[in-house]
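The values are calculated or read from the model by the stated rules, or taken from the named source; none is laboratory data. As the structure is a computational prediction, the values presented were derived from the model and not from experiment. Methodologically, a virtual Cβ is constructed for each residue, glycine included, from the backbone with ideal geometry; neighbour enumeration extends over all protein chains shown.
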Amino acid sequence: MKITVSINIGGWSFNIDEDAYSELKRYLKNLEIHFATEESSSEILSDIESRMAEIFRSRLTTYKQVISMDDVHHAISILGTPEDLSNEEGTSVRDKFASQGYHRIYRDPEHRIIGGVCAGMGSYWNIEPWIVRVIFFILAMMGGIGVLIYLILYIVLPEAKTTAQKIEMKGEPVNIHNITEAVKKEFDSVRKNMNL
Amino acid sequence: MDLENTKAQMRKGILEYCILSVLSRSSCYASDIIKELKEAKVIVVEGTLYPLLTRQKNAGLLSYRWEESQQGPPRKYYELTSEGREYLTDLDNSWNELVESVNLIRTR
């Protein structure tokens with residue numbers, strides 16, 4: 001015995017198993033997040049719901065009157081998970097992260113003077129690159145440590161080539177937490193690359 | 001290079017063209033468009049279609065009307081606007097040019 005829930009999808013009323021209902025709710029919520037950046041996301045979602053109602057209806061007979069988990073999975077396989085949609089639209093999960101405010105430091109080839117390190121850091125922390133350059137210059141005057149740091153960063157930081165990377169590069173306000181996080185992230189990725 | 005991504009990008013461009021082509025023959029319900037696109041293997045999951053239809057409608061290429069259905073709630077019927085027809089003619093030409101260009105390069 002199972003508890004069923006009564007729901008309205010696309011103007012149709014369905015009885016649906018409780019577990020199938022949670023699965024369906026989770027799926028629709030994920031779709032909502034996926035389409036959140038679209039101009040008419042609510043319209044897209046209601047179109048998808050109408051289609052879902054059609055699929056559900058085709059699964060019901062006189063002898064089967066309740067939507068089960070199987071039916072929900074069937075509908076999801078036809079309509080596609082947010083991951084399927086991203087793959088088919090040619091936007092990788094990485095691009096998605098970028099649009100959701102995932103940030104990394106890159107070298108900025110468009111505004112570079114030497115290797116784009118200062119320009120990249122400037123755009124990451126949303127400060128003028130020349131401030132970063134002055135700091136490096138001062139550090140370079142103090143026994144050359146600035147040159148060394150610059151060289152290391154030049155090797156460590158990847159160049160922002162794709163649009164997604166350029167979005168990721170732009171940024172967060174300066175605070176200690178962000179700076180340590182960013183530096184840690186870069187060193188972690190270097191460690192991974194070197195298989196340490 | 002990511003092969004899947006490259007393929008997806010190629011499909012993405014022609015998908016919009018295919019939708020307009022399907023609608024150029026007659027006005028259709030979303031499920032009819034989906035059926036044709038699936039048969040032609042240009043889409044795998046149906047969810048891809050809905051944002052495109054909405055975008056094309058917002059761009060004035062398509063319009064829809066609600067049509068009463070025998071079995072349930074009214075359904076959306078999509079059709080090309082005159083602007084959509086012009087757009088499609090342009091795409092037809094550029095598609096022919098593309099095919100020609102690619103063939104020229106591949107058969108050399």
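Confirm whether B:Glu97 is more than 21 Å from B:Ser26 (Cα to Cα) and loosely packed, with under 12 Cβ neighbours inside 10 Å. Don't jump to the end; show me each part of the working.
Values: more than 21 Å from B:Ser26 (Cα to Cα): yes; loosely packed, with under 12 Cβ neighbours inside 10 Å: yes.
Taking the combined requirement at face value, the residue satisfies it.
Could you figure out which of (1) loosely packed, with under 15 Cβ neighbours inside 10 Å; (2) touching a residue at least 60 places away in the same chain (Cβ under 8 Å) isn't true of B:Tyr87?
(1)
Would you point out the residue of segment A:31-42, among those that are within 17 Å of the chain's Cα centre (by Cα) and within 11 Å of chain B (Cβ to nearest Cβ), that is nearest to A:Val72 (Cα to Cα)? Reasoning before the result, please.
Going residue by residue through segment A:31-42, those that are within 17 Å of the chain's Cα centre (by Cα) are A:31-38.
With within 11 Å of chain B (Cβ to nearest Cβ) added as a condition, the list becomes A:31, A:34-35, A:37-38.
Working: A:Leu31: 14, A:His34: 19, A:Phe35: 20, A:Thr37: 25, A:Glu38: 25 Å.
It comes out as A:Leu31.
Select, from A:Glu43, A:Glu18, the only residue that is buried (at least 17 other Cβ atoms within 10 Å of the Cβ) and either of a type in the set (D, E, K, R) or at pLDDT below 90 (or both).
Working: A:Glu18 fails: buried (at least 17 other Cβ atoms within 10 Å of the Cβ).
Checking each option against the conditions leaves just A:Glu43.
Any idea how many residues of segment B:21-63 are of a type in the set (D, E, K, R), more than 11 Å from chain A (Cβ to nearest Cβ) and farther than 20 Å from B:Gln9 by Cβ?
Taking segment B:21-63 as the starting set, the residues that turn out to be of a type in the set (D, E, K, R) are B:25, B:32, B:35-36, B:38-39, B:41, B:46, B:55, B:57.
Applying the additional criterion that residues be more than 11 Å from chain A (Cβ to nearest Cβ) yields B:25, B:32, B:35-36, B:39, B:41.
When the remaining residues are screened for being farther than 20 Å from B:Gln9 by Cβ, the result is B:25, B:32, B:35-36, B:39.
Qualifying residue count, segment B:21-63: 5.
Residue under question is A:Lys25, and the condition is that it be basic (Lys, Arg), surrounded by fewer than 16 Cβ atoms within 10 Å (Cβ to Cβ) and under 18 Å from B:Gly47 (Cα atoms); does it hold?
So A:Lys25 fits the description; yes.
Quickly run through segment A:54-81 and pick out the residues that are loosely packed, with under 12 Cβ neighbours inside 10 Å and either touching a Cys at 6+ places or on another chain (Cβ under 8 Å) or of a type in the set (Phe, Trp, Tyr) (or both).
A:Tyr63
Quick check: is even one residue across segment A:7-18 outside any loop (DSSP other than H, G, I, E, B), within 12 Å of another protein chain (Cβ to nearest Cβ), in contact with a helix residue (DSSP H, G or I) (Cβ under 9 Å, 6 or more places away or on another chain) and of a type in the set (Gly, Ala, Ser)?
No.
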